[in-house]
Amino acid sequence: MKTIHNTTFYMHYFLQMFLFASTFLCMTSCDSFVEVDLPKSQLTNVAVFDNYATADAALTDIYAKIRDQGLLTGMTSGLSNQLANYTDELICYGSPGDPALPFYLNTLLPANTSITDYWNISYNQIYAANAVIEGVEESDKLTVEEKDQLKGEALFIRALIHFYLTNLYGDLPYITATDYQKNNVAKKITVSEVYTNVISDLDSAINLLAQDYDNPERIRPNRFVAKALLARVYLYNGAWAEASNAASAVLNATDLYGLEDNIDGVFLKDSKETIWQLQPATSGKNTDEANSFIFFSGPPPLVALTDNLMDSFSTADLRKSNWTAAITDGSSTWYHPFKYKEFDYTATSVEYSIVFRLAEQYLIRAEARAQQGDLIGAKEDLNKIRERAGLDETTASSQQEIMEAILQERRWELFTEYGHRFFDLKRFGQIDAVLSLTKTGWNTTDRLFPLPQNELSINPNLRPQNSGY
């Protein structure tokens, strides 16, 4: 079979394979994301959306792929690992050939396999979301409620993946259809334009999704999941009032969400502050994050937390004592992330990979309030996070001091979670000042990943290459 190199052609190929694979997966997999059987015959695009069970299986298959081989988890724990190596959170102990090493050394090249995989797999999942959207819109067999749920979730997925892609690669195409001929020559749009599209998709998703979860484990997005992402997008885009309002909508849903009083309960699957999480593939399996980060003897086999991060914590901070763990060989001590504590299988899964949680919404609103001059409100939100961590209220008083306190609090609260540190340093304009002191290979152009070389070769509309590569 001829090797398929072009991402957009690959997505066309995926349209055919997606339908067959969905059938096969649902017949053979024990993956708990897909719990219904599709017809045993190969499906056509129309047939998939003639029945809610098969249409829903097509959508849940995308979640399984996001979990297993997407930007967020999978692929050696995705961005939680790689961007922590890229910044000042993790030290990489891997040997040559370890995919994390180029991230740690800041020596990424356009031909890097991880760079290409992140791009290709992400657009593949966007394509699958578009296939669901188009299939749902064309179906005359689904109810209005079924269509709303399926389309709302697919729009959320499309927005989520584009959001991460543009923060990694900068200007890029926003793909909204399954027409591979058009996608094959898709043009880049600016980050600002990507955000406009992301916001539009999220607004539509919010109007379509239900307020309540259809599963108590919060593994499928509801309206507040889309609002949580929208709050982040507005924050990144400098729309302070909108960011504050979107975060408030989530924070005010007190019948669904609340901060955990016990810090050790934050990352359990039944945490009340979880907004959205990814369910493991099989019952008893826990998170890929724990498998990537936890080690039991030194020196670390893969990664460990940097001294710079560990030294920044107050000794009174419960996040240091409860969310990190020390390993010693008698002469040296290393620390690993310990937010997720279950390294092995358990009788039933007790930890899922949490993508959105309530603490971030408090920090989003604190920052948005500070930017608007509401310093009292900003400190109130900031202090809620500090109180849960066992810390005194912040002593910051001026707007600049409060902003610095928020950046620092985000570092302590969100370390090794989906690249928050990398994105925050860029947003605050501190990435060069901070990382040039801690990273020997850091260059200012490292604030963006290179565009994959093979994609530039195939689609001239993706040129020019990002600066520095």
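Tabulated results
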{"quantity": "Alpha-carbon centroids, region 153-189 and region 226-277: separation in whole Å", "calculated": "25"}
{"quantity": "Cα-based shape type of region 129-211, given that a ≥ b ≥ c are square roots of the gyration tensor eigenvalues and the cut on a/c is 1.5", "calculated": "oblate"}
{"quantity": "Other-chain or far-sequence residues with amide H under 5 Å of Ile275's (modelled H)", "calculated": "Phe356, Arg357, Leu358"}
{"quantity": "Candidate aspartates and glutamates - alpha carbon under 14 Å from Lys227, same-chain residues fewer than 8 apart omitted", "calculated": "Glu153, Asp201, Asp203, Asp212, Glu242, Glu360"}
{"quantity": "Spatially proximal lysines relative to Lys141 (Cα-Cα < 16 Å; intrachain offsets below 8 disregarded)", "calculated": "Lys151"}
{"quantity": "Net +/- balance of residues flanking Glu380 in space, Cβ distance below 14 Å, scoring K and R +1, D and E -1", "calculated": "0"}
{"quantity": "The chain: DSSP helices with Cα axial extent of at least 15 Å and average Kyte-Doolittle hydropathy no lower than 1.0", "calculated": "7-28"}
{"quantity": "In order through region 258-267: 3J(HN,Hα) via Karplus (6.51 cos²θ - 1.76 cosθ + 1.60), integer Hz, x for Gly, Pro", "calculated": "x, 5, 6, 5, 8, 4, 6, x, 5, 9"}
{"quantity": "Gap separating the Cα centres of region 306-359 and region 376-447, nearest whole Å", "calculated": "19"}
{"quantity": "Aspartates and glutamates with Cα under 14 Å of Lys147, excluding same-chain neighbours fewer than 8 positions away", "calculated": "Asp50, Asp56, Glu134, Glu137, Glu138"}
{"quantity": "Extension reserve of the Ser200-Lys272 stretch, reckoned as 0.36 nm per residue once the Cα distance is removed", "calculated": "23.1 nm"}
{"quantity": "Where Arg220, Arg463 fall by accessible area, highest first, once all protein chains stay in place (1.4 Å)", "calculated": "Arg463, Arg220"}
{"quantity": "Per-residue SASA entry for Leu318, accessible area with 1.4 Å probe, Å² rounded to 10", "calculated": "70"}
{"quantity": "Members of Lys285/Lys339; Lys339/Lys384; Lys341/Lys439; Lys320/Lys384; Lys320/Lys341 lying beyond 22 Å, as alpha-carbon distances in this model show", "calculated": "Lys341/Lys439"}
{"quantity": "Per residue accessible area in Å² of the chain, where ligands, DNA and RNA are left out and the probe is 1.4 Å", "calculated": "39"}
{"quantity": "Prolate/oblate/rounded call for the chain, Cα gyration tensor, a/c under 1.5 rounded", "calculated": "rounded"}
{"quantity": "FRET efficiency estimate (nearest 0.05) - Cβ-Cβ, Asp261 to Asp212, R0 22 angstrom", "calculated": "0.40"}
{"quantity": "Over region 374-469, relative contact order from alpha-carbon pairs under 8 Å, at least 6 apart, %", "calculated": "14"}
{"quantity": "With DNA, RNA and ligands ignored, accessible area of Thr107 (1.4 Å probe; Å², nearest 10)", "calculated": "80"}
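The values are calculated or read from the model by the stated rules, or taken from the named source; none is laboratory data. What you see is a predicted model, and the numbers here were worked out from it, not measured in a lab. Cβ sites come from the backbone with ideal geometry, for glycine too, and all protein chains shown count toward neighbours. Please note that ligands, DNA and RNA were not included when accessible areas were found on the heavy atoms of the full protein model with its side chains. Shrake-Rupley method; radii C 1.70, N 1.55, O 1.52, S 1.80 Å.
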